[in-house]
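Shown next, in structure tokens, is the structure this report addresses.
Every read-out reported here was derived from the displayed coordinates using simple, explicitly stated rules and does not represent laboratory data. Being a predicted model, the structure only gives us computed values, none of them experimental. A quick note on method: Cβ atoms are made from the backbone with ideal geometry, for glycine too, and the neighbour counts reach across all protein chains shown.
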Amino acid sequence: MAYRLTVIGTGYLGATHAACMADLGFDVLGLDVDETRIARLAAGHLPFYEPGLEPVLRRGLDSGRLRFTSSYAEAAEFGDVHFLCVGTPQKAGEYAADMSYVHAAARSLAPLLNRPCLIVGKSTVPVGAAEGLADMFARTAPAGGDAVLAWNPEFLREGFAVQDTLRPDRIVAGLPAEQGAAEHAEKVLREVYRTMIADDIPFVTTDYATAELVKVAANAFLATKISFINAMAEVCEAAHADVTKLAEALSHDGRIGGRFLGPGLGFGGGCLPKDIRAFMARAGELGADQALTFLREVDEINIRRRIRTVDLARELLGGSFSGRTVGVLGAAFKPDSDDVRDSPALDVAASIRAQGAKVTVYDPKAMRNARRAQPNLEYGESALSAARDAHVVLLLTEWQEFRDMDPSALAKTVAERNIVDGRHALDPDRWRAAGWNYRALGRP
Ligand code: UDX
């Protein structure tokens with residue numbers, strides 16, 4: 001049977017999922033309560049930058065397989081499978097995840113479900129949430145026990161969203177405890193993801209709680225790996241060793257591997273920081289907080305990178321930013337994204353400005369979001385203009401454009417040739433040969 005899919009929430013995850021599922025041949029209806037967003041998506045415009053996604057979106061719209069709505073009634077009528085893709089940001093002033101969007105979406109949908117359907121949760125939620133949602137659907141959907149819930153976490157990375165959605169490392173299906181419902185849910189999910197399963201992508205079935213945990217455990221592991229190498233960078237600094245060489249040598253050990261072992265300014269974005277904090281908060285509620293106290297250290301090591309980067313730049317200027325000019329290259333939390341949520345780059349830029357410098361930022365894609373988040377910083381039109389008259393330049397997001405920069409060309413625009421490479425993205429020999437005072441954390 002060709003299932004009809006709805007995707008509820010058209011943020012990063014939902015917009016990508018909707019477009020990719022339509023590309024696989026499904027009829028898809030994307031839903032969002034934000035009418036402006038819906039209108040833009042329906043016209044083929046993404047509300048964020050993501051390489052390769054806009055053509056997929058447009059293909060879906062042109063084929064007629066992909067449509068958008070703001071009506072839950074239309075979605076309930078249309079869909080055999082409803083993907084819940086709304087956000088779960090960090091609660092203001094707390095570590096816990098804000099579940100209000102998930103609850104609002106589920107409560108809007110449930111009373112309208114009057115025929116058998118599968119609801120598939122993809123949002124990152126505190127463990128235990130799916131169980132509660134399943135009860136709520138069973139109690140309030142007119143279809144009752146025929147409105148079945150599955151939990152299917154999503155692992156996509158910004159910048160690789162299309163490839164991660166169409167060729168994920170694994171598909172995790174958290175199934176209900178009741179055997180009949182579980183068999184039905186598994187059958188539907190295997191059908192929805194059949195092309196991926198045919199490509200030998202592992203399909204792992206679990207209970208709800210394990211599926212919810214896979215997502216946060218994966219992000220906790222990745223964050224730990226990054227903070228581990230950044231902790232080694234601190235030791236390297238003290239011991240006059242080179243963390244980039246250390247990471248390279250470690251990476252040849254197949255048990256360790258080189259991915260997510262990149263030292264530098266550390267992790268940011270809409271997922272890793274808030275997910276490890278929500279994980280700690282949830283473990284506390286469950287009485288298992290001791291198991292995750294190490295994540296507090298992971299978080300602190302990560303925040304220390306930002307402070308140390310500011311300190312390094314200040315040292316280069318003789319101990320004070322006051323009256324100095326600083327050029328910052330990068331605002332997004334990572335390259336190939338325009339996302340500035342919890343961005344280490346913007347955090348460092350704002351902190352330097354707060355200490356009295358004139359700070360000019362340039363990012364290839366994130367300028368609009370950066371201006372909105374940090375309106376008090378100055379913004380340049382290019383790397384060269386951000387660096388004009390600078391006493392120190394900081395590279396904080398490793399866009400290819402910055403990696404490819406000509407150190408001699410940049411030298412002509414600055415006041416002093418000081419560069420802080422916050423992402424180990426530049427070749428120190430090349431920059432030093434062009435007369436720069438090159439500095440990076442964790443390197444002699
Ligand atoms: C992450 C997870 O990778 C993804 O599986 C999950 O679904 C969402 O969260 P994302 O936030 O898009 O994805 O970015 P990711 O590529 O994981 O990078 C996160 C941060 O870690 C970035 O700020 C990046 O600069 C930093 N990072 C990454 C490092 O500092 N060093 C590394 O070696 C790798």
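Does the range 145-167 contain at least one residue that is hydroxyl-bearing (Ser, Thr, Tyr), in contact with a helix residue (DSSP H, G or I) (Cβ under 9 Å, 6 or more places away or on another chain), surrounded by 15 or more Cβ atoms within 10 Å (Cβ to Cβ) and over 15 Å from Thr210 (Cβ atoms)?
Just the residues of the range 145-167 that are hydroxyl-bearing (Ser, Thr, Tyr), to begin with: 165.
In the following step, the residues that additionally are in contact with a helix residue (DSSP H, G or I) (Cβ under 9 Å, 6 or more places away or on another chain) were identified as 165.
From the residues that got through so far, the ones that are surrounded by 15 or more Cβ atoms within 10 Å (Cβ to Cβ) too are 165.
Now restrict to residues that are over 15 Å from Thr210 (Cβ atoms): 165.
Yes, some residue in the range 145-167 is hydroxyl-bearing (Ser, Thr, Tyr), in contact with a helix residue (DSSP H, G or I) (Cβ under 9 Å, 6 or more places away or on another chain), surrounded by 15 or more Cβ atoms within 10 Å (Cβ to Cβ) and over 15 Å from Thr210 (Cβ atoms).
Say we look at the range 215-238 and pick out the residues that are more than 8 Å from the ligand (Cβ to nearest atom) and among the charged types (D, E, K, R); which of these is nearest to Pro273 (Cα to Cα)? Explain how you work it out, then say what you get.
At the first step, the residues of the range 215-238 found to be more than 8 Å from the ligand (Cβ to nearest atom) are 216-217, 220-221, 224, 227-228, 231-238.
Next, only the ones that are among the charged types (D, E, K, R) stay: 234, 237.
Values: Glu234: 20, Glu237: 25 Å.
Top of the filtered list is Glu234.
Does Leu394 count as within 16 Å of the ligand (Cβ to nearest atom), free of Cβ contacts under 8 Å to residues at least 40 places away in the same chain and of a type in the set (A, V, I, L, M)?
Values: within 16 Å of the ligand (Cβ to nearest atom): yes; free of Cβ contacts under 8 Å to residues at least 40 places away in the same chain: no; of a type in the set (A, V, I, L, M): yes.
Taking the combined requirement at face value, the residue does not satisfy it.
Of these, Phe279, Phe294, Phe260, Phe267, which one is out of contact with any Leu (no Cβ under 9 Å at 6 or more places or on another chain) and aromatic (Phe, Trp, Tyr)?
On the way: Phe279 fails: out of contact with any Leu (no Cβ under 9 Å at 6 or more places or on another chain); Phe260 fails: out of contact with any Leu (no Cβ under 9 Å at 6 or more places or on another chain); Phe267 fails: out of contact with any Leu (no Cβ under 9 Å at 6 or more places or on another chain).
From the options Phe279, Phe294, Phe260, Phe267, the qualifying one is Phe294.
Among the residues of the range 47-75, how many are surrounded by 17 or more Cβ atoms within 10 Å (Cβ to Cβ) and touching a His at 6+ places or on another chain (Cβ under 8 Å)?
Number of matching residues: 1.
Looking at the structure I just gave you, is Val172 within 16 Å of the ligand (Cβ to nearest atom) and buried (at least 21 other Cβ atoms within 10 Å of the Cβ)? If you could, list the steps in order and put the result at the bottom.
Values: within 16 Å of the ligand (Cβ to nearest atom): yes; buried (at least 21 other Cβ atoms within 10 Å of the Cβ): yes.
Yes; evaluated as a whole, the condition is true for this residue.
Return the residues of the range 233-245 that are in a helix (DSSP H, G or I), out of contact with any Leu (no Cβ under 6 Å at 6 or more places or on another chain), in contact (Cβ under 8 Å) with a residue 40 or more places away in the chain and not charged (D, E, K, R); say none if nothing qualifies.
Taking the range 233-245 and keeping what is in a helix (DSSP H, G or I), we get 233-239, 243-245.
So of that shortlist, the ones also out of contact with any Leu (no Cβ under 6 Å at 6 or more places or on another chain) come out as 234-239, 243-245.
If we keep only those that are in contact (Cβ under 8 Å) with a residue 40 or more places away in the chain too, we end up with 234, 236-237, 243-244.
Hits for the range 233-245 are Cys236, Val243, Thr244.
Quick one: how many residues across the range 170-228 are out of contact with any Pro (no Cβ under 6 Å at 6 or more places or on another chain), basic (Lys, Arg) and part of a loop (DSSP other than H, G, I, E, B)?
0
Looking at (1) of a type outside the set (D, E, K, R); (2) within 15 Å of the ligand (Cβ to nearest atom); (3) crowded, with 23+ Cβ neighbours inside 10 Å, which one does Val359 not meet, given that it meets all the others?
(2)
Just checking, how many residues over the range 155-164 are over 13 Å from Cys20 (Cα atoms) and either in contact (Cβ under 8 Å) with a residue 60 or more places away in the chain or part of a helix (DSSP H, G or I) (or both)?
Within the range 155-164, the first condition is being over 13 Å from Cys20 (Cα atoms), and the residues that meet it are 155, 157-159.
Checking which are either in contact (Cβ under 8 Å) with a residue 60 or more places away in the chain or part of a helix (DSSP H, G or I) (or both) leaves us with 155, 158-159.
Residues meeting the conditions: 3.
Hey, Pro142 hits all of (1) within 13 Å of the ligand (Cβ to nearest atom); (2) surrounded by fewer than 17 Cβ atoms within 10 Å (Cβ to Cβ) but one; which does it fall short on?
(1)
Can you pull out the residues in the range 251-274 that are part of a helix (DSSP H, G or I) and near the ligand (Cβ under 7 Å from one of its atoms)?
We begin by selecting, within the range 251-274, every residue part of a helix (DSSP H, G or I); these are 251, 272-274.
Passing the criteria: only Leu272.
Mind checking which residues of the range 97-130 are surrounded by fewer than 18 Cβ atoms within 10 Å (Cβ to Cβ), more than 21 Å from Ala18 (Cβ to Cβ) and within 30 Å of the chain's Cα centre (by Cα)?
Residues satisfying the conditions are Asp98, Ser100, His103, Arg107, Gly128.
Exactly one condition in (1) free of Cβ contacts under 8 Å to residues at least 12 places away in the same chain; (2) in contact with a His (Cβ under 7 Å, 6 or more places away or on another chain); (3) of a type outside the set (Val, Ile, Thr) is false for Leu109; which is it?
The number of the failed condition is (1).
Would you please name the residue that is nearest to Lys334 (Cα to Cα), looking only at residues in the range 415-444 that are among the charged types (D, E, K, R) and crowded, with 22+ Cβ neighbours inside 10 Å? It would help to see each step written out before you state the result.
First, pick out the residues of the range 415-444 that are among the charged types (D, E, K, R): 416-417, 421, 423, 427, 429-430, 432, 439, 443.
After this cut, where a residue has to be crowded, with 22+ Cβ neighbours inside 10 Å as well, the list is 421, 423.
Numbers: Asp421: 14, Arg423: 10 Å.
Taking the candidates together, the pick is Arg423.
Are any residues in the range 11-38 of a type in the set (Val, Ile, Thr) and out of contact with any helix residue (DSSP H, G or I) (no Cβ under 6 Å at 6 or more places or on another chain), and if so, which ones?
Start the filter on the range 11-38 by keeping residues that are of a type in the set (Val, Ile, Thr), which leaves 16, 28, 33, 36, 38.
Across the range 11-38, the qualifying residues are Val33, Thr36, Ile38.
Okay, residues lined up against (1) among the acidic types (Asp, Glu); (2) more than 22 Å from Ile303 (Cβ to Cβ):
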| position | (1), (2) |
| --- | --- |
| Glu237 | yes, no |
| Ala247 | no, no |
| Gly254 | no, yes |
| Gly258 | no, yes |
| Gly266 | no, no |
| Gly270 | no, no |
| Glu285 | yes, yes |
